[in-house]
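Student: I have a structure here, written as structure tokens, and I will follow up with some questions on it.
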């Protein structure tokens, strides 16, 4: 008869669960905050800033005179969404006291480019001799001023201002040609952040 061997089992040590770190933001005087299911709204002296909230990844609570942003779990994705939302809120608070400005330059060497702002759409005409105008959208709360070869994009919401300037630059991207020769387009030259 064969003797049965005892099987030794190792005890698996379980690590204690990590508690996600919370980000805290001090709320300045005069700023009213409303936390809705998908949007956080900040209001001060007739200026309203709306910040999108992804409730799958983060939770936002108001404690005394602070906002508490907590990731729901510890993976990197949850923490990065919490950090991004924190930065968006800080930029919105900064926007109450300051206007953000991006300046773009219209550059052409082959065909003269004409840029027009009509309502909430910017049209770029005659880009590389194209018959159809290239168009992009102006995001809410952003003011675009076109004077000759200079475009000024300004507003209180840093995300919308920078995204509008980036959309204008991306709309005039040259594809399928040598960019060293065809350097036509609208390029961001200055940022006042």
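Each reported figure results from applying straightforward, stated rules to the coordinates on display, with no laboratory input. Just so you know, these numbers come straight off a predicted model, no measurement behind them. Virtual Cβ from ideal backbone geometry, glycine too; neighbours counted across all protein chains shown.
Student: Classify region 100-192 as rounded, prolate or oblate, taking a ≥ b ≥ c as the square roots of the eigenvalues of its Cα gyration tensor: rounded when a/c is under 1.5, otherwise prolate if a/b is larger than b/c and oblate if not.
Tutor: On the way: a/c = 2.00, a/b = 1.65, b/c = 1.22.
Prolate.
Student: So, by mean Cβ neighbours within 10 angstrom, what's the order for 132-139, 149-156, 169-176, 84-91 with the highest one leading? Could you put the intermediate results ahead of the total?
Tutor: On the way: 132-139: 15.9, 149-156: 19.5, 169-176: 12.8, 84-91: 17.8.
Descending mean neighbour count gives 149-156, 84-91, 132-139, 169-176.
Student: Would you mind pulling out the separation of the Cα centroids of region 123-151 and region 21-81, in Å?
Tutor: For region 123-151 versus region 21-81, the Cα centre distance is 34 Å.
Student: Given [x] 29; [y] 9; [z] 44 as candidate values of percent of Cα pairs over 30 Å apart, which corresponds to the one derived from the coordinates?
Tutor: Entry [z].
Student: Further question on the same structure: Got the relative contact order for region 100-192 handy, in percent, Cα pairs under 8 Å and 6 or more residues apart? Each step should come with its number before you reach the end.
Tutor: Working: 191 pairs, mean separation 35.7, N = 93.
It rounds to 38 percent for region 100-192.
Student: Expected output is a single nm value to one decimal: the length gained when fully extending between residue 131 and residue 175, i.e. 0.36 nm times separation in residues minus the C-alpha distance. What is it? Please list the in-between numbers first.
Tutor: On the way: separation 44, 0.36 × 44 = 15.84 nm, distance 1.65 nm.
Fully extending the segment from residue 131 to residue 175 adds 14.2 nm.
Student: For q values of 0.16, 0.23 Å⁻¹, compute log₁₀ I(q)/I(0) with the Debye formula on a Cα-only model of region 23-95, without solvent.
Tutor: -0.51, -1.04
Student: Remind me, relative contact order of region 23-95 in percent, using alpha carbon pairs under 8 angstrom and six or more residues apart?
Tutor: On the way: 104 pairs, mean separation 21.5, N = 73.
Here the relative contact order equals 29 percent.
Student: With an 8 Å Cα cut-off and a minimum separation of 6 or more residues, compute the relative contact order for the chain in percent.
Tutor: Details: 330 pairs, mean separation 33.7, N = 193.
17 percent.
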